Amino acid sequence: MRTSLFLIYITVLLTSCDLDVTDKSSGLPYLGPFEIEYNELDNGDVVADTSFHVIPEWVFVNQHGARVGTEQYIGHVYVADFFFTHCPTICPIMTSQMSRLHDMLDQENLIGNVKLLSHTVDPKRDDPARLLEYMEIVGVESENWHFVTGYPEELDLQTREGYLVTAFESDSAEGGFFHTDQFVLIDRVGHIRGYYDGTSTTEVNQLFEDIKTLKDE
C-alpha cells in the first residue's frame, strides 16, 4: 500500500531555464506548472510521481467554418502560434516562418504526423471567411494547418492558461493587439516542450530539429 506523503506545487517561470524539467529520453524539457507527489512504498522506499502541465481540451472553428479541437490534435506533435490578420508588424513574419516550417516538415514526410495551429487574437474581425482569405493571400494551403477563431473569452483563457503566453488588446500596440511572438511545441499528450521566437529563422530551424527529436520519443 502506498501512502501519499505530501504534494509540492511548483510554477515554472517561462523566463527561467533552470526550473524546467528535462525528459531524459529526448532532452527536451517539460514547461509550465507541475506537481510532484511523493509516495512511500511497502519496503519503505520513497518514489516521486510528477504530473506535468497539459493543454486543456479545446474546440474552435477553423478557416472552413468547421469545428476543430483536441480530438484532431491529440496523438500528434504540433506547433501553435498566435496572430491576427490585420497585424501590420510581426504576424506576416511569423506566418512566413510557419509556412517555411510546414515546407521543411513536408520535405521530411512529417507533415500530417506533425500539425500546425494558428489562433487569432482578434476574433471579432477574424471570422472563418477572413481566415480563409488570409490563407489565400499568404499562399497557405494545407489540411494539417488550421487557422482558428472562437469566442474571445475562450481564446484568451486558452492562450493564458493553456499555452502560458500573452495576448491582449492594447491602444499602444500597432494594429491594436499585443501578442506573443512564440511558437509553442506540444507533444502527443499535450505537454509544452519548447518555446521559439517565431520571427527568428535560427530559432525556427532549432524548432524543426526539436520536432524531429520529439517525434521519436
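Obtain the radius of gyration and the Kirkwood radius of the stretch 32-92 from its C-alpha atoms and give Rg over Rh.
1.24
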Stokes-Einstein translational diffusion, the stretch 38-155 - Kirkwood Rh over all Cα pairs, 1.002 mPa s, 20 °C, in µm²/s: 134 µm²/s
Global form of the stretch 109-168, assessed from the alpha-carbon gyration tensor, a/c cut-off 1.5: oblate
For Thr85, net neighbour charge (Lys/Arg +1, Asp/Glu -1) across residues whose Cβ lies under 9 Å away: -1
Neighbourhood charge, 15 Å Cβ-Cβ cut-off, centred on Leu132 and excluding it, Lys, Arg +1 and Asp, Glu -1: -4
Relative packing of peptides 117-130, 78-91, 53-66 - highest average C-beta neighbours within 10 Å first: 78-91, 117-130, 53-66
By average C-beta atoms within 10 angstrom, highest first, the peptides 108-116, 132-140: 108-116, 132-140
Phi-based couplings in Hz for the stretch 81-95 (Karplus 6.51, -1.76, 1.60; Gly and Pro marked x): 9, 9, 7, 8, 6, 9, 5, x, 10, 7, 4, x, 5, 5, 5
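We did not get these values from a lab; they are worked out from the coordinates using the rules stated. This is a predicted model, so every value here is computed, not measured. Glycine gets a Cβ as well: all are built from the backbone with ideal geometry, and neighbour counts include every protein chain shown.
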